[in-house]
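Only one structure is covered here, and it is reproduced in the block below.
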Amino acid sequence: MQSIEPTEAPANFTLLDKIDGRTALVSWNAVSPQSLNGKFEGYKVETWTENDGDDNAREILVKNDVTKAVVDKLVPFSRNFLRVFAFNTVYNGPPSRVIEVVTGEGTPGPVESFDAFPLGPDSIYVKDRKSVV
């Protein structure tokens with residue numbers, strides 16, 4: 001059987017829980033096997049923000065027998081958009097409806113790089129290299 005594009009979008013794409021500023025739990029209905037038109041590889045959940053645009057979406061791959069996913073690639077303190085689609089070995093199927101997840105500030109992470117400047121015999125000034133002054 002030659003592989004062509006899947007024809008069915010996952011229905012009932014739903015936000016089940018906002019876990020934190022970076023993570024949410026979503027679910028959807030399985031697509032019918034007849035709509036896959038090839039070997040069913042699984043689902044892809046895509047997420048992006050207004051600043052990113054959907055051309056720069058981040059992907060979470062989900063096994064073909066699962067219809068729930070923890071999406072851990074959300075951007076904190078932002079309007080995140082998500083959609084899901086089934087895919088076969090060659091093509092992505094049509095996307096589900098887009099859902100919006102507004103995230104909170106999120107937990108601060110470690111400082112990746114910084115500069116330190118001596119201010120005296122017992123103090124230093126520390127500045128994150130990514131911050132703008």
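Structure summary
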read-out: Cβ crowding within 10 Å averaged over residues, with 8-21, 51-64 ranked highest first; value: 8-21, 51-64
read-out: Region 38-121, accessible area per residue, ligands and nucleic acids excluded (1.4 Å, Å²); value: 61 Å²
read-out: Cα-derived Rg over Rh, computed across region 44-116 with Rh taken as Kirkwood radius; value: 1.07
read-out: Accessible surface of region 1-47, 1.4 Å probe, proportion on carbon and sulfur as whole %; value: 49 percent
read-out: Spacing of the two label points (7 Å from each Cα toward its C-beta) at VAL90 and ASP55, in nm; value: 2.7 nm
read-out: Cα-centre dipole for region 8-88 with unit charges at Cβ (Lys and Arg positive, Asp and Glu negative), debye to 20; value: 180 debye
read-out: Electrostatic dipole magnitude of region 58-104 [Cβ: Lys, Arg +1; Asp, Glu -1; Cα centre; debye, to 20]; value: 80 debye
read-out: Selection from ILE124, VAL26, VAL75, by position along the positive dipole direction of the chain (Cβ); value: VAL26
read-out: Close Lys-Lys pairs in region 1-131, where close means Cα under 24 Å and separation is 8 or more or interchain; value: 11
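The values are calculated or read from the model by the stated rules, or taken from the named source; none is laboratory data. Please read these numbers as outputs of a predicted model, since none were measured by experiment. Note that each Cβ is placed from the backbone with ideal geometry, even for glycine, and that neighbours are counted across all protein chains shown. Each accessible area value is taken on the protein alone, full model and side chains, heavy atoms only, with ligands, DNA and RNA left out. Shrake-Rupley method; radii C 1.70, N 1.55, O 1.52, S 1.80 Å.
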